[in-house]
Amino acid sequence: MYRYSWTICLLLCLSASSLWANAIPSQTVTTNGYGAVKVRPDVVFIRLFTKGSGLLPSDALTESLARMEKLQTALKAQHSEITDIAAKTLALSSGDSPMMERQSSPVAIHVLTITLPLKATDPHVILDTAVRAGALLSPPEPMWRFQNFSDAVVYGLQNHKSALSQANALALEDARSQAHRLVEASGLRLGAPVSLQTETLHNRDISRFIWGHRQMEQTRLFYPVKYFSSSSEEVSVYANLTASFALEQP
């Protein structure tokens, strides 16, 4: 009884393995595809700095914090539309910091990021208020690693799912077109995709603001979105994927 049961199980397993093997194409072609779409941004970021110095690191920190508090108070008093505002300590140097040039005295730097809906207000009106309150519009002199962050106003895309879906669709069509050219002379026919591996690309404008892999994460201090631009008219959303297509007999 047990012998027959084991025989039946073995036959079922072999049959399943055969069906699975037949389901996976023995011949495939793999290509990379690229797609991009341009959409209007839906958010604007305003990035401001304060700087403090002193005999001790604590003195520098206190001075920069006091300037930051003064800046936030002025902005909130004159712009009720500002509801999303965040301040962070960007750097505190006691004379030698990997993020700063060597300083003879301690320096502290804070960054303030304001996030607004695109049509909430003219960001340059807010900049005028900020400058009058003592804000710096670009990274202070010691911040040599961040000198490429030159724009105080940056436009971003928070709701990017639809645009990314479009970019992925274009990338798949690009991969299919390349695969078709590869098999065109082989006498075979290009079938359906059997595997897809997608990669989300940050927009190319990121290279205008940062350099090097380590600075990629630093940019989130200023612009907490994947896609941003210096243009108020458009943000580019890019997609890259690797696709494998089945090869079929004609």
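The values are calculated or read from the model by the stated rules, or taken from the named source; none is laboratory data. Values in this document were obtained by computation on a predicted structure and should not be read as measured data. No Cβ is skipped: glycine too gets one built from the backbone with ideal geometry, and neighbour counts run over all protein chains shown.
Yes/no per residue for (1) surrounded by 15 or more Cβ atoms within 10 Å (Cβ to Cβ); (2) assigned by TED's automatic domain parsing to the domain that holds residue 120; (3) modelled with pLDDT under 90:
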| position | (1), (2), (3) |
| --- | --- |
| 151 | yes, yes, yes |
| 170 | yes, no, no |
| 181 | no, no, no |
| 190 | yes, no, no |
| 199 | no, no, yes |
| 204 | no, no, yes |
| 215 | yes, no, yes |
| 219 | yes, no, yes |
| 223 | yes, no, yes |
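One residue is enough: does segment 58-72 have a residue meeting the conditions modelled with pLDDT of 90 or more, under 25 Å from residue 235 (Cβ atoms) and outside any strand (DSSP E or B)? Within segment 58-72 (the criterion being modelled with pLDDT of 90 or more, under 25 Å from residue 235 (Cβ atoms) and outside any strand (DSSP E or B)), the answer is no, since none of the residues qualifies.
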